[in-house]
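A short write-up of the structure that comes next.
The values are calculated or read from the model by the stated rules, or taken from the named source; none is laboratory data. Keep in mind it's a predicted model, so treat the numbers as computed, not measured. FYI the Cβ positions are ideal-geometry reconstructions off the backbone, even for glycines, and counts take in every protein chain you see.
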Ligand code: MN
Ligand code: MN
């Protein structure tokens with residue numbers, strides 16, 4: 001039976017139709033995706049922690065002609081590095097900062113295991129390091145896998161030592177032990193998953209050979225580890241007190257699938273948005289009308305507190321510095337700049353998991369391969385804690401993306417009363433700026449091996465690019 005004309009027309013002209021980014025991309029665009037993702041994987045490998053991400057971002061920005069704001073009284077391309085853990089990057093526009101900026105704010109910290117301040121001990125012939133996990137991890141995902149250690153130690157002589165062990169194949173790596181199935185029946189298998197691996201058992205194997213001779217007494221393995229750390233880095237045990245050492249999955253990001261459609265790797269929440277935002281700013285080509293700004297924030301995964309997190313006055317300080325260069329130092333100028341600023345809160349959302357489709361509302365969730373995900377609100381249990389973007393700003397952004405052929409979709413994190421989460425959106429909205437969450441949808445989010453579809457990675461880049469170019 002042929003369908004009626006009224007039905008056909010309504011379906012074609014009125015109803016919403018989900019489209020794959022692949023089908024929207026031209027062949028020329030499709031050909032740019034692989035090389036883009038090659039550089040993205042290299043970024044993930046160079047940026048396993050917030051400090052290394054900031055270092056890599058500063059390196060790439062400097063290469064592209066950006067200079068430290070502290071040493072640049074003039075110039076269009078500037079950055080401020082905040083304690084090596086957060087960074088603000090701006091390509092100043094033809095218009096005044098007082099008229100507002102176009103800001104893409106991502107975060108560069110990811111869930112991981114942090115070493116405690118007195119971590120080192122030995123038990124039953126194994127040298128170990130105690131950890132306190134950082135952010136939302138699922139503990140069973142962190143055992144029985146190769147791990148690397150990154151971070152800094154401030155020694156008692158005041159010198160700062162940079163540590164990076166476990167990703168170079170010449171290096172040893174580390175691991176957290178897990179129980180064999182033969183002995184796990186009572187200790188783990190009958191327990192609730194969340195209780196099966198207690199946080200205090202997430203201890204990292206650091207050594208197994210003793211120092212000295214058999215009658216020397218206890219802690220020979222621990223002391224041998226200390227000897228090695230002292231030889232290589234000049235450390236003593238007390239130096240762990242002033243250390244930030246982060247245990248992360250070892251190994252590079254990879255292409256996933258026989259067609260290589262996905263990038264698999266650690267830390268894509270939220271370094272996928274950090275990298276696509278950075279590249280969009282660097283690739284702008286010509287000076288924008290409104291200043292184009294990227295923030296790369298620390299501490300998002302533990303609530304954005306601290307002087308390197310988005311709870312701080314980073315935005316005010318940054319805009320204040322930029323306004324001062326225009327000779328504008330009044331509170332009113334900053335307040336005007338804030339209220340006229342447009343923000344994409346560049347953070348990831350969850351894509352519908354093919355094996356766990358029932359945790360999503362599939363009419364409103366994001367899917368891999370359908371472009372950047374716009375999330376009007378986050379929060380949980382009645383949108384609690386969400387900044388909930390204004391319809392006007394959502395309309396502005398969706399029309400901008402459609403007009404510029406940047407594939408986009410919408411997303412919501414899980415079913416009502418089942419899911420929930422938050423981003424830094426509200427921390428920027430509270431200054432009066434317009435804010436919308438817009439980022440890549442991931443599979444296996446917060447795991448040691450997250451997946452992002454390459455079409456979504458590239459769509460995210462395209463979206464930030466047209467946002468920066470927007471007058
Ligand atoms: Mn995130
Ligand atoms: Mn997260």
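Screening residue 316 with (1) more than 16 Å from ligand 1 (Cβ to nearest atom); (2) under 30 Å from residue 408 (Cα atoms); (3) at pLDDT below 95 gives one miss only, at (2). Scanning region 414-429 for residues that are assigned to a helix (DSSP H, G or I) and crowded, with 23+ Cβ neighbours inside 10 Å yields 425, 427, 428. Set side by side, the residues 350, 337 differ, and just one is touching a residue at least 40 places away in the same chain (Cβ under 8 Å), over 19 Å from residue 428 (Cα atoms) and either away from ligand 1 (no atom under 16 Å from the Cβ) or not in a loop (DSSP other than H, G, I, E, B) (or both), which is 350. Quick check on region 28-72: of everything there that is in a loop (DSSP other than H, G, I, E, B) and touching a helix residue (DSSP H, G or I) at 6+ places or on another chain (Cβ under 7 Å), which residue is surrounded by the most Cβ atoms within 10 Å (Cβ to Cβ)? Selected residue: 47. One residue alone among 183, 129, 179 is over 30 Å from residue 425 (Cβ atoms) and either within 16 Å of ligand 1 (Cβ to nearest atom) or assigned to a helix (DSSP H, G or I) (or both), and that residue is 183. Screening residue 239 on (1) under 18 Å from residue 160 (Cα atoms); (2) surrounded by fewer than 18 Cβ atoms within 10 Å (Cβ to Cβ); (3) over 25 Å from the mean Cα position of the chain (by Cα) shows it passes everything except condition (2).
Out of everything in region 266-305 that is within 16 Å of ligand 2 (Cβ to nearest atom) and assigned to a loop (DSSP other than H, G, I, E, B), what residue ends up being nearest to residue 421 (Cα to Cα)? Top of the filtered list is 303.
Among the residues of region 250-265, those identified as surrounded by 23 or more Cβ atoms within 10 Å (Cβ to Cβ), away from ligand 2 (no atom under 16 Å from the Cβ) and part of a strand (DSSP E or B) are 262, 263.
Look at region 178-196: where a residue is under 11 Å from residue 140 (Cα atoms) and a partner is modelled with pLDDT of 90 or more and outside any helix (DSSP H, G or I), sitting 6+ places away or on another chain with Cβ atoms under 6 Å, you get 178/143; 178/144; 188/179.
When restricted to residues that are over 20 Å from residue 81 (Cα atoms) and in a loop (DSSP other than H, G, I, E, B), region 306-334 contains 5. Scanning region 365-390 for residues that are surrounded by fewer than 24 Cβ atoms within 10 Å (Cβ to Cβ), modelled with pLDDT of 95 or more and either within 20 Å of residue 425 (Cα to Cα) or in contact with a helix residue (DSSP H, G or I) (Cβ under 6 Å, 6 or more places away or on another chain) (or both) yields 369, 374. When region 234-249 is filtered for residues that are in a strand (DSSP E or B) and away from ligand 1 (no atom under 16 Å from the Cβ), the ones remaining, listed by number, are 243, 244, 245, 246, 247, 249.
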